[in-house]
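The values are calculated or read from the model by the stated rules, or taken from the named source; none is laboratory data. Note that the structure is a prediction, hence the values are computed from the model and not measured. Every residue, glycine among them, receives a Cβ derived from its backbone with ideal geometry; neighbour counts consider all protein chains shown. Heavy atoms of the whole protein, side chains included, go into the accessibility calculation; ligands, DNA and RNA do not. Shrake-Rupley method; radii C 1.70, N 1.55, O 1.52, S 1.80 Å.
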Amino acid sequence: MSTGKLKQQAPAAVKDFRQFLCFRIGNRDFAVDVMNVREVVRATEVAGDCALEGSPSYEWSHAGQSIKVFDLRAVFHLGEPVLNDSTRVIFVDPDQRQFGMMVDGVNEIVRVRSSEVQPSSTSSEKMKMVFPEQVGVGGRSVLCLDPLQLTTSKQPRRS
């Protein structure tokens, strides 16, 4: 069943909530709406013997397909690439554009009331496009990534 059908069939009570997959890059936490997430796998399973060069994206083979994987450390200039047992690739398919996002680790899935999802507090307009929303998780504010923005030609710098 497609995610579009799931959204249409959701009862009113479910629509009052949203779920986010929280992940880590370096010492920062971020989130992505689970409606965009297809699967999460260990990066070592898709990378194989691939040497990470600090490139913002790679073409990796997964499930018999060549799929672009964005290394979010490189995309957001958050340090050298890391590939270890905690490193994960989050495969997303917003608007039927499947690609992966390599992150340092996946923390949890959180469920929040839709009314508690706030506009991003970041000051940069470019960053607000990439991180349009934020949610409160464990007493801290977590920026929510719009994965479609990774497919644009210019990537914002994260300070």
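For the stretch 87-106, what are the residues that are in a helix (DSSP H, G or I) and touching a residue at least 40 places away in the same chain (Cβ under 8 Å)?
Passing the criteria: P94, D95.
Which of the residues spanning the stretch 119-139 are in a strand (DSSP E or B) and more than 13 Å from F20 (Cα to Cα)?
P119
Would you confirm whether any residue within the stretch 136-148 is open to solvent by 20 Å² or more (accessible area, probe 1.4 Å) and more than 16 Å from D29 (Cα to Cα)?
Yes, that holds for at least one residue.
When the stretch 94-114 is examined, which residues are found to be modelled with pLDDT of 90 or more, surrounded by fewer than 20 Cβ atoms within 10 Å (Cβ to Cβ) and under 28 Å from D16 (Cβ atoms)?
V106, N107, E108, I109, V110, R111, V112, R113, S114 - these are the residues of the stretch 94-114 that are modelled with pLDDT of 90 or more, surrounded by fewer than 20 Cβ atoms within 10 Å (Cβ to Cβ) and under 28 Å from D16 (Cβ atoms).
Consider Q65 carefully, then state whether it is open to solvent by 50 Å² or more (accessible area, probe 1.4 Å) and polar (S, T, N, Q).
Criteria met by Q65.
Report whether or not I90 is crowded, with 17+ Cβ neighbours inside 10 Å, of a type in the set (V, I, T) and within 15 Å of the chain's Cα centre (by Cα).
In short, yes.
Of all the residues that make up the stretch 115-134, how many are more than 19 Å from G26 (Cα to Cα), under 16 Å from the mean Cα position of the chain (by Cα) and crowded, with 17+ Cβ neighbours inside 10 Å?
3
Do we find that L150 is under 16 Å from V40 (Cβ atoms) and touching a residue at least 40 places away in the same chain (Cβ under 8 Å) in this structure?
Judged against the criteria, L150 is not a match.
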